[in-house]
Amino acid sequence: MIKSLVLPCKALKFPSAKFEGSNQLRHKGTKMELTITRPDDWHLHLRDGELLQAVVPHSASHFARGIVMPNLKPPITTTAAAVSYRESILKALPAGSDFTPLMTLYLTDTTNPNEIKLAKRSGVVYAVKLYPAGATTNSQDGVTDLSGKCLPVLEEMAQQNMPLLVHGEVTDADVDVFDREKVFIDTVLRPLIQRLPQLKVVMEHVTTKDAVKFVESCKEGFVAATVTPQHLLLNRNSLFQGGLQPHNYCLPVLKREIHRQAIVSAVTSGSKRFFIGTDSAPHERRRKESSCGCAGIYSAPVALSLYAKVFEEAGALDKLESFVSFNGPDFYGLPRNTSKIKLSKTSFKVPDCFSFPFGEIIPMFAGETLEWQPSFN
């Protein structure tokens with residue numbers, strides 16, 4: 001069993017919650033059922049090849065759409081490559097699935113403003129992802145000069161109303177790994193937004209109270225943030241509890257408990273600035289349990305259950321639907337989904353692993369018991 005060291009949120013205040021809109025809570029006998037608008041995943045890694053075929057059914061079974069990250073080998077740097085990758089995803093979907101991949105481009109120092117125009121016209125590319133070179137998995141081709149070489153591209157993105165999705169960490173060797181997000185905000189992101197206030201920015205997978213404070217200080221509708229289940233439920237102790245826990249290792253790395261609490265407070269407050277982004281990032285087991293293990297947590301099969309757990313423990317189940325179903329499409333200027341999904345408060349055991357011909361993938365909270373099991377309404 002993978003040890004997760006689940007941390008408590010706020011005390012339960014659920015009985016006083018008011019459910020509005022399409023968010024409906026019912027008691028069916030002794031069981032609670034929550035019906036919400038079908039969610040989207042605004043930060044998703046689907047990989048390619050046999051790994052893509054293995055994991056895409058998990059996301060497609062729960063989410064209507066997903067912003068698909070472009071950090072493949074080679075990275076998705078052109079609209080043509082994004083269109084081709086999209087076709088691969090569609091072919092890998094289970095029969096009858098209506099899941100829609102929303103494609104992104106990988107920003108480099110040599111990206112051309114004309115590529116942004118092509119991306120916008122394609123109708124399938126919805127954002128551009130900034131990876132500082134060396135920040136995470138397959139980021140070696142990332143940006144080294146955002147405010148210089150990339151400025152014309154960013155200006156064109158503002159013109160085209162195409163969001164910049166930011167992996168918000170500096171990669172300077174002299175900056176402590178736990179401080180990289182704060183330093184990025186102070187030295188890169190804040191100056192960028194001051195220079196291009198009309199550029200829409202999503203600060204991806206925020207991990208610190210500093211990021212929460214920054215997003216809340218920006219103009220609503222122009223700067224937002226995605227939040228992962230791991231950064232809501234785990235702190236950095238989860239990396240070492242009972243021994244080294246490679247399946248709790250992700251980038252940005254888990255932070256101190258004070259930061260986790262700040263993120264929980266922000267997302268359960270009802271703020272429109274924060275929305276779901278699982279950062280579900282599958283790796284084959286041998287690549288995680290190695291002398292130089294890969295960063296990434298595979299949460300797609302259990303993400304909705306984990307988000308529901310966070311919101312219930314915070315006494316904020318009435319705000320779950322906005323976080324997972326409304327805030328994301330509203331920020332991107334896309335229609336909200338019309339289909340529904342049901343979450344039943346029924347205990348279930350998370351599989352210890354998912355086995356495939358190429359190997360095994362270990363899910364988040366492997367072997368543990370969760371509640372709030374999702375199914376289509």
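The values are calculated or read from the model by the stated rules, or taken from the named source; none is laboratory data. Computed from a predicted structure; not experimentally measured. Ideal geometry is used to build each Cβ from the backbone, glycine not excepted, and the neighbour counts take in all protein chains shown. Ligands, DNA and RNA are stripped out before the accessible areas are found, and what is left, the full protein with its side chains, is counted by its heavy atoms. Shrake-Rupley method; radii C 1.70, N 1.55, O 1.52, S 1.80 Å.
The magnitude of the dipole of the chain, with charges of +1 and -1 set on the Cβ of Lys/Arg and Asp/Glu and taken from the Cα centre, is near 920 debye. Taken about its Cα centre, segment 222-295 carries a charge dipole of about 80 debye when Lys and Arg each add +1 at the Cβ and Asp and Glu each add -1 at the Cβ. What the Cβ-Cβ distance of Asp172 and Ser122 gives, at R0 = 30 Å and to the nearest 0.05, is a FRET efficiency of 0.30. Beyond a 31 Å Cα-Cα separation, which of these cross-linked pairs lie in this structure: Lys73/Lys340; Lys129/Lys255; Lys213/Lys342; Lys129/Lys272? Too far apart for the 31 Å limit: Lys73/Lys340; Lys213/Lys342.
Annotation: Phe354 carries an accessible surface of approximately 40 Å², with a 1.4 Å probe and no ligand, DNA or RNA atoms counted. Fully extending the segment from Phe358 to Asp109 would add 86.1 nm, taking 0.36 nm per residue of separation and subtracting the current Cα-Cα distance.
For the chain, modelled as a GNM whose springs connect Cα atoms under 10 angstrom apart, the maximal fluctuation among Ser269, Ser299, Ser59 occurs at Ser269. Against the chain, whose longest principal axis is taken from its Cα atoms, helix 257-267 shows a tilt of about 90°. The three principal axes of the C-alpha atoms in segment 234-333 carry coordinate ranges of 42, 29, 20 Å, sorted with the longest axis first.
For the peptides 173-180, 224-231, 305-312, the ranking by packing is 224-231, 305-312, 173-180, with the highest mean count of neighbouring Cβ atoms within 10 Å listed first. Would you mind counting up the charge near Ser339? Only other residues with Cβ under 12 Å from its Cβ, with Lys and Arg at +1 and Asp and Glu at -1. Summing Lys and Arg as +1 and Asp and Glu as -1 gives +3.
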